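The values are calculated or read from the model by the stated rules, or taken from the named source; none is laboratory data. Because the structure is a prediction, the values reported are computed rather than measured. Here the Cβ is made from the backbone with ideal geometry for all residues, glycine too, and neighbour counts use every protein chain on show. Accessible surface is based on the protein model in full, side chains and every heavy atom, while ligands, DNA and RNA are left aside. Shrake-Rupley method; radii C 1.70, N 1.55, O 1.52, S 1.80 Å.
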Amino acid sequence: MLGRVHAAVSLLTAATVLTGCGSTLEDVKITMATGGEGGVYYTLGNALADVWSGRLGIVRPQVVMTAGSRDNVTRLVNAQAQVGFSQADTVEVVPGGDRLRALARMHDDYLQVIVRNDLPVTKLSQLAGLRVSIGAKDSGVEIIASRLLDAQDVTPRTVNMNLEESADAMQEGKLDAFFWSGGLPTQRITRLTRELGVRMLDLRDELPAFREQYPVYGSATLPASTYNLSGPVITLVTRNFLLVTESMPDDVAEALARQLFEGQPDLVKAHSAARTIEQRSAIETSPVPLHNGAMRYYRDAKV
């Protein structure tokens, strides 16, 4: 409880400090909920922490490794974090999600269903009975994987593992396939492809009916060059948001959103997924409303 009060007081104090781009917010203390060490959330979170501390003069935000989207949203609504990454689908299933506000739509995540190359598996239905990781408990990956498997009535022997655990287990021969949703390329999968040899399942047959049931998702074709695959792959896409809550002062939210874009070159250096973040698409955060402070920045930027 004391931690929540401290965070709220820090943000409220900061709101009286900011007067423009060059101002500092010396009293702001931010905890940022990201994801696993091998994922894009964690990489971009650390880059953002550097940008915000360097450009705003705040104490460097504490970047916390988490299980992923669902865990991040839960931390936000429980005031255990002030900023967090989440996939768009997750905010629909976590209690208290109506208190969330978006700073920006970020990069898109691509579902990657990874299978050992020495298995004759080319379709989702062939995962039945196999050892399959559906992502860490309370992650966005778990939500997508569970929805997709249920929709197709496929019943593998599922376990909950994060990306690093899944890749390690596959290399050790303890796992046949795993689900991952992340930016491209995901470094751990790139390494797994090089060291073990894997394939990614094409979901072109499953996606039309699935997207009709869950319109929050999109689809995309991944080029073979993404992971040196044998050919292009059609898969599911979900939007990523950078989230806060309605309790964040407008001036603080405006400053964070502004420096997200003014510091974007540094984010791109950290991960290529940051290249796809742009102002015009950043305001497309339905079903989460934009924070009033973020909206003020976008209006000032003439978006």
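Of the numbered criteria (1) open to solvent by 10 Å² or more (accessible area, probe 1.4 Å); (2) in a helix (DSSP H, G or I), the one Ile189 fails is (1). Among the residues making up the range 72-89, those that are over 14 Å from Glu142 (Cβ atoms) and either among the β-branched types (Val, Ile, Thr) or open to solvent by 10 Å² or more (accessible area, probe 1.4 Å) (or both) are Arg75, Val77, Asn78, Ala79, Gln80, Gln82, Val83. Report yes if Arg194 is surrounded by fewer than 19 Cβ atoms within 10 Å (Cβ to Cβ), at pLDDT 95 or above and either aromatic (Phe, Trp, Tyr) or outside any strand (DSSP E or B) (or both), otherwise no. When the stated conditions are applied, Arg194 does not pass them. Among the residues of the range 60-71, write down those that are part of a helix (DSSP H, G or I) and open to solvent by 50 Å² or more (accessible area, probe 1.4 Å). Hit for the range 60-71 is Arg70, nothing else.
Scanning the range 65-83 for residues that are within 14 Å of Gly182 (Cβ to Cβ) and of a type in the set (D, E, K, R) yields a total of 0.
Within the range 28-59, track down each residue that is part of a helix (DSSP H, G or I) and under 14 Å from Ala270 (Cα atoms). Those that are part of a helix (DSSP H, G or I) and under 14 Å from Ala270 (Cα atoms): Val40, Tyr41, Tyr42, Thr43, Leu44, Gly45, Asn46, Ala47, Leu48, Ala49, Asp50, Val51. Selection of the range 92-108 for residues being in contact (Cβ under 8 Å) with a residue 12 or more places away in the chain and within 19 Å of Gly293 (Cβ to Cβ) yields Arg99, Leu100, Arg101, Ala102, Leu103, Ala104, Arg105, Met106.
Within the range 140-184, being part of a strand (DSSP E or B), open to solvent by less than 10 Å² (accessible area, probe 1.4 Å) and farther than 26 Å from Thr74 by Cα holds for one residue alone: Ala177.
Conditions tested, residue by residue: (1) touching a residue at least 24 places away in the same chain (Cβ under 8 Å); (2) basic (Lys, Arg); (3) open to solvent by 10 Å² or more (accessible area, probe 1.4 Å); (4) not in a strand (DSSP E or B).
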| residue | (1), (2), (3), (4) |
| --- | --- |
| Gly231 | no, no, yes, yes |
| Ile234 | yes, no, yes, no |
| Val237 | yes, no, yes, no |
| Val244 | yes, no, no, no |
| Ala253 | yes, no, no, yes |
| Phe261 | yes, no, yes, yes |
| Pro265 | no, no, yes, yes |
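Between Val94, Val132, the distinction of being in a strand (DSSP E or B) and either over 21 Å from Gly197 (Cα atoms) or open to solvent by less than 50 Å² (accessible area, probe 1.4 Å) (or both) belongs to Val132 only. Note on the range 39-63: residues that are closer than 11 Å to Leu260 by Cα, of a type in the set (D, E, K, R) and free of Cβ contacts under 8 Å to residues at least 40 places away in the same chain amount to 0.
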